[in-house]
Structures are given as C-alpha cells and as structure tokens.
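The values are calculated or read from the model by the stated rules, or taken from the named source; none is laboratory data. Predicted model, so just to flag it, every value in this text is computed and none were measured. We place every Cβ from the backbone using ideal geometry, glycine too, and count neighbours over all the protein chains shown.
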Amino acid sequence: MPDDDLTTLDPNEAEELTLLEEELEVERALLELRGFRHSDLWIFGTMAASATLSLVAAFVLSYDAVTLAANPAAALSCNINAVLNCGAVGLSWQASLFGFPNAFLGLITEPVVLTIAVAALAGVRFPRWFMFTAQVVYLLGLAFAVWLFSQSMWVIGAVCPWCLVITVSTSLVFLTLLHFNVREDNLYLPARAQARVTGWVRNDYDLYAGIVWVGILLGLVVMKYGERLLG
C-alpha cells in the first residue's frame, strides 16, 4: 500500500499493515531459498560430514591425551616436527581447561550434532527453540575452538594438526546450522533483518564467508611458521 494511504488509517491499523507487509517480505525472501545448496541434503549432509570428521579428531586427541597422561615423553603420531606437534599442545594447560582433556568435550558434543544431522536427513523437524538454542551453543563452541587456535598459535607456539581439523570442522558445522536457521527463520530476528540475512544466504555470502574464514585460519598458520611447517 502506498505511504499516502497509510496516513488515512488509524495508527494501530497502519502499524498492523506495516507489520503484515514486513512479514510478507520475509515470506517472499524465504521462498527464494531453493536449489540444491539450500536443500536439507546439502545442509545436513555437510553438517554430518563435518561432525564425523570432528568426532574422529576428538577420538584421536582423546587417545593421545590418555597416552600423554601415562607418559608425557611419548612420541605421538602427529608429532611431525617442532611446529606440527600435538604433544606440545597436549601438554599445555590450555588442552585441559576444565580439568580434563578438551577432546572429551568433542566426544560428547559431536555425536549430538551427528544425530541432529542424520535425523534431519530422515525428515525429523526440530522445534524452532531447539534449533535456536543449538545455534547459540555452537556459537560458544566455535568461540572456544577459535580461542584454542589462538593459544596454540601465539602462546604455545605449536600447531596440533588434529586440533586444526576440529577448528575447521566446527566452523563448518556452525555455518551449516546458521544456513538452516536462516532458511527456516529460526533466529527470532525482526522481519527486516530476517529478509536481509536471507538475501545474503540467497547470494551465497555465507558460503564465501566460510571459504574466506578457513583461508584465514590456514593462511595465519602458513604466514607465522612458513618453511618450518616442513621441518
């Protein structure tokens, strides 16, 4: 409805009409998220693959943590050189921030993520509040992974290859979860904000952001350590 017509309406009616138009704008934007990249198969397939990769890394790191607890001088399979060294990272206090190996958290959380992904692929629809909560929890998980990455890079001075795998896979799970929640309007955003972020996803900005983010992580490692990564 033209803006001039709104002036002839009761203020409450005008406000209701504005809200209705915003909701219709969101609905139109949501209808445009079609195609394979926006399908459950792509979103939850990527999530399942990333969670599986992270779970494998968590298993390896948990095994290494137990090995180091028994013998701090043990030679781990991923002790490649002075820079790529899981042992140096595993013996740091940051590796057991909560009094037990951080990898144990992965053994707890990744099966949950994998279950959600597989269930969604099977057609299960989770409540809006559940997916929003999952997004918040995984945001905290991503923040923790990034903090550990920064500690490894600039405090410990060594890179754990399996830890880097977890950082990347955690980022991918977060992005796929965000993709789904934007598609399904699960983030409790105002109508205009929802339409805007939906447009970003429709234009693949989330995909580009993920590629750039992973590139930044790997680029930081290469820039800091350079040839030392090769021994």
- Here are 114, 84: which of them is surrounded by 12 or more Cβ atoms within 10 Å (Cβ to Cβ), in contact with a Pro (Cβ under 7 Å, 6 or more places away or on another chain) and either among the polar types (S, T, N, Q) or touching a residue at least 24 places away in the same chain (Cβ under 8 Å) (or both)? 84
- Message: So in the range 142-183, with the set limited to residues that are touching a residue at least 24 places away in the same chain (Cβ under 8 Å) and among the polar types (S, T, N, Q), which one is surrounded by the most Cβ atoms within 10 Å (Cβ to Cβ)?
- Response: 170
- Criterion: without any contact (Cβ under 8 Å) to a residue 60 or more places away in the chain, over 28 Å from residue 103 (Cα atoms) and buried (at least 19 other Cβ atoms within 10 Å of the Cβ) - qualifying residue of 203, 186: 186
- Task: Could you please let me know if residue 192 is touching a residue at least 40 places away in the same chain (Cβ under 8 Å), in contact with a Leu (Cβ under 8 Å, 6 or more places away or on another chain) and of a type outside the set (Gly, Ala, Ser)?
- Result: no
- Query: Where in the range 35-142 are there helices (runs of 4 or more DSSP H), lying fully within it, with 3 or more residues that are under 28 Å from residue 223 (Cβ atoms) and in contact with a strand residue (DSSP E or B) (Cβ under 9 Å, 6 or more places away or on another chain)?
  - Reply: 86-90
- Item | helices (runs of 4 or more DSSP H) wholly inside the range 143-231 containing at least 3 residues that are under 22 Å from residue 130 (Cα atoms) and modelled with pLDDT of 95 or more | 161-183
- Query: Can you name every residue in the range 25-51 that is of a type in the set (A, V, I, L, M, F, W, C), at pLDDT below 75 and surrounded by 12 or more Cβ atoms within 10 Å (Cβ to Cβ)?
  - Reply: 26, 29, 30
